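Nothing in this text is a laboratory measurement; each read-out follows from the coordinates by a stated rule. Since the structure is predicted, the reported quantities are computational estimates derived from the model, not experimental observations. Glycine also receives a Cβ, built like all others from the backbone with ideal geometry; neighbour counts cover every protein chain displayed.
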């Protein structure tokens, strides 16, 4: 059953699957796994819609989806579609930056309803959430999902979804997507990826991300295919489960950005019994695609039956619903070595001129159906192949604008073309993306704008504006951005350790990040208009012109009070090798970013089952405090 050809709205897709036995399977770990048919999903969504409508919601009203439970997210998303409500998915997490982003987004709507979980709601209240309680619906408050919410017949041009970027932005921009634009891209993806009735999908990417929601929930549902949605936290804790599940459920279409490939290679010893012969395509997007990493991943898994040509590098963005360019399925990862360093917009590079330093850029294919792409200079003139320029798009899938942000629209659209913010060029193998016209960092699998992290640190550390700057260096070892924080510091460098530790703690607590280096500098260079010249600091760091003082994690170690404290110290010393760790040491000062917090919680759960939730690590951030919490009656 394929409802996509006849659908005019997203609701049409699910309604057409009434009676379908195809399933959505949720992989959460252990006995928490479960599956339900699309027919059952339709009934659950109608029941949740009844709950929404009892809150007074009417067609067109926004619903902020701030839940970590994937099943609850999917139920709520479809309840919105059936009732004509507008879902606004947001990355759900306990770090303060997630909470602040949600509150900034909420301010852009008039009395939105927040759908969330009790633990997240408590964190929001502590962070200063002030919306009236009647505009909050907790997952735990749902009485039953057997009701019959009133269906709404939407028009193709009505708003179906407002998609905010997966990373953090100081001024959140909500991409408005109509039913027609989403359906146009779903059809284009189906055609370009040659998706057919024998396919089945699996994804661990968050449903708040366009790849997770549009690419690996809506696409399979629109084609009546079974799908597997794995908890992102489970992938972080047990990356091997990803490909084990692909074998177990016969998945043919997978996805992962560089982060996932790297995490799998670093953490997993591939089982000789793993069989990936059914895997047809592994979509790779969401951050710049690394050709060496793709080769390493394919080489590791070729003995497991993975076809190296299954790797499928793509280009897309939320403003295009998802997909912009795809290569030919089965063509594998093709790349071109070009001397692009130092190129300015409008410059042309010769493909055969590789005598000097060259970068390996991955071919991302050609525009999908209904989407046009051009490369242009700073004045809007179209450039020839192998010329560096701004990547601009337009078409049936491209957003008509941002929610409640006319200045954003004015900055993004040029003569009907949307400027993606990326720089690249067209070649005979399709699109090459060389970088961003605007600074963005790819850290920990997410996009971060340096100015946002600078504001976060200024507020957390009470440091005046202009006294620090954030940048990153690209690691040649794993093709990943490594975060750098430069702080103006004019005292003896021997006194810098305490400030560096505070910087690391603030990054970890508020954003779930860890800096590769915290660097003291005599001054932060600025342009004549007052903008920080981050590239000058980054270049000085790369050339070894800046000294990075050694910082001890703890000055002294006291013996543990009891066995609980001893076990916690032991696991932390295993996870933070080479660091001196004391019972009163703050985990965030050690560099406990989001990934490390998940690993710490996993180790604690193995030793003390059911005693600690991951959110408790924020309330009890030292080993001594955490041990006391575990000892509670």
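So what is the relative contact order of the stretch 441-542, in percent, for Cα pairs below 8 Å that sit 6 or more residues apart? Computed value for the stretch 441-542: 27 percent relative contact order. Modelled spin-label separation between residue 359 and residue 15, with each label point placed 7 Å from Cα along the Cα-to-Cβ direction: 4.8 nm.
Can you run the Rg to Rh ratio on the stretch 563-630? Use alpha carbon positions and the Kirkwood inverse-distance Rh.
Working: Rg = 10.5 Å, Rh = 11.7 Å.
When Rh is taken as the Kirkwood radius, the ratio is 0.90.
Each label point was placed 7 Å from the Cα along the Cα-to-Cβ direction; for residue 1 and residue 498 their separation is 6.7 nm. If the segment from residue 350 to residue 300 were pulled out straight at 0.36 nm per residue, it would be longer than the present Cα-Cα gap by 14.6 nm. Taking label positions 7 Å along the Cα-Cβ direction at both residue 570 and residue 543, the computed distance is 5.1 nm, reported to one decimal.
Using Cα pairs closer than 8 Å and at least 6 residues apart in sequence, work out the relative contact order for the stretch 7-117, in percent.
Numbers: 138 pairs, mean separation 27.2, N = 111.
Reported as a whole number, the value is 24 percent.
For the chain, the mean residue ellipticity at 222 nm estimated from helices alone is -9000 deg cm²/dmol, where every DSSP H run of n ≥ 4 contributes -39500 (n - 2.57) and the total is divided by all residues, rounded to the nearest 500.
Show me 150-162, 454-466 ranked by packing, highest mean number of other Cβ atoms within 10 Å first. Walk me through the numbers before you get to the answer.
Values: 150-162: 17.8, 454-466: 15.8.
Ranking the peptides 150-162, 454-466 by packing returns 150-162, 454-466.
Computed extension gain for residue 611 through residue 248, at 0.36 nm per residue and net of the alpha carbon distance, reaches 127.6 nm. Pop the C-beta distance of residue 271 and residue 439 into the FRET formula with R0 = 45 Å and round what comes out to the nearest 0.05. E(calc), rounded to 0.05, equals 0.65.
On a full-extension model of 0.36 nm per residue, what is the gain between residue 155 and residue 339, subtracting their alpha-carbon distance, rounded to one decimal in nm? Could the numbers behind the result be given before it?
Details: separation 184, 0.36 × 184 = 66.24 nm, distance 4.90 nm.
Length difference between fully extended and current span is 61.3 nm.
Rounded to 0.05, the FRET efficiency of the residue 473 and residue 198 pair, given R0 = 45 Å and the Cβ-Cβ distance, is 0.55. Separation of the stretch 405-424 from the stretch 270-301 is 34 Å, based on Cα centroids.
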